[in-house]
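To keep things clear, I will list the structure first and then write my remarks on it.
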Amino acid sequence: MAIAVICPGCNSRFSVSDQFAGQTGPCPKCKKPIKIPAVTAEAVVIHEPEAPVTSSTGTGRAPTAPIRRLDKPIGAMRFVAVGAAAVAALAAAWGTGLMVKPADLSPWLLLVAAFLVAVPCVMLGYIAVRDRELEPFTGTPFLLRSLACAVVYAGLWGVKGMLPPEATAEMWQWVYLAPMFVVSGAIAALVAFELEWGSAVAHFSLYAMFTALLRWLLGLPPL
């Protein structure tokens, strides 16, 4: 390895072999003595990267480790309870349809029933379609958002009830009507639960299909 040397007398620059390190010799130009600097090998220490920390407590450093959120799975008993409640609602609708004529059912009663069915459907629908990468809504905020969404969902049945019967008598007419209801319901789910658009459509569709089945069992037009 060559050593760069500057003559203090003539300021000439040149290189000498490291074998002359620490020795004194004449400058090639002005012949004045030059002290060749000694070469000291500095040890290079490679430090391991610091371990990531999850908290600043006791470390004085900002957390660097990724925060892992564990998603709590839904227990099997809850699925059983939901299935039992759905079967009970279907059975109640079928029994009511056998005992009561559809014409005798009050529109207000149907609207209240649509809301009562909407609340569990909205809650369970959110659990089914929510983004697992995001922190879920829980507690009071989840309840309030579910109630607000349920009001909109039930209100859409109220809007449908205000339409003239001849406007919904034929299935082909729903080719034009259904998108308006689906978009309105999806927007409600989108705002209430911050879902993606596809998930919001699926959320409303779950409620719409279940209530349509209940209406059919009651003897009412499904749509």
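Computed from the coordinates by the stated procedures, all read-outs in this text should not be read as laboratory data. As the structure is a prediction and not an experimental result, all values here were calculated from the model. All Cβ positions, glycine included, derive from the backbone under ideal geometry; neighbour counts span all protein chains shown.
A cut-off under 15 angstrom between Cβ atoms defines the neighbours of Phe14, and their net charge, with Lys, Arg +1 and Asp, Glu -1, is +4. Under the simplified labelling scheme, the Ala169-Lys101 pair shows an inter-label distance of 2.0 nm, with each label point 7 Å from Cα along Cα→Cβ. Using the Cβ-Cβ distance between Thr140 and Leu213 with R0 set to 30 Å, the FRET efficiency from 1/(1 + (r/R0)^6) comes to roughly 0.45. With the simple spin-label model, which puts each label point 7 Å out from Cα in the Cβ direction, the Glu194 to Cys30 separation comes to 7.5 nm.
The packing ranking of peptides 141-148, 23-30, highest mean first, is 141-148, 23-30, where packing means the average number of other beta carbon atoms within 10 angstrom of each residue. Here the 3J(HN,Hα) profile of the range 9-26, calculated from phi with Karplus coefficients 6.51, -1.76 and 1.60 at θ = phi - 60°, is x, 10, 6, 6, 10, 7, 10, 10, 5, 5, 5, 9, 4, x, 9, 10, x, x Hz, Gly and Pro shown as x. How many angstrom lie between the Cα centre of the range 163-184 and the Cα centre of the range 193-223? If you average the Cα positions of each part, the centres end up 14 Å apart.
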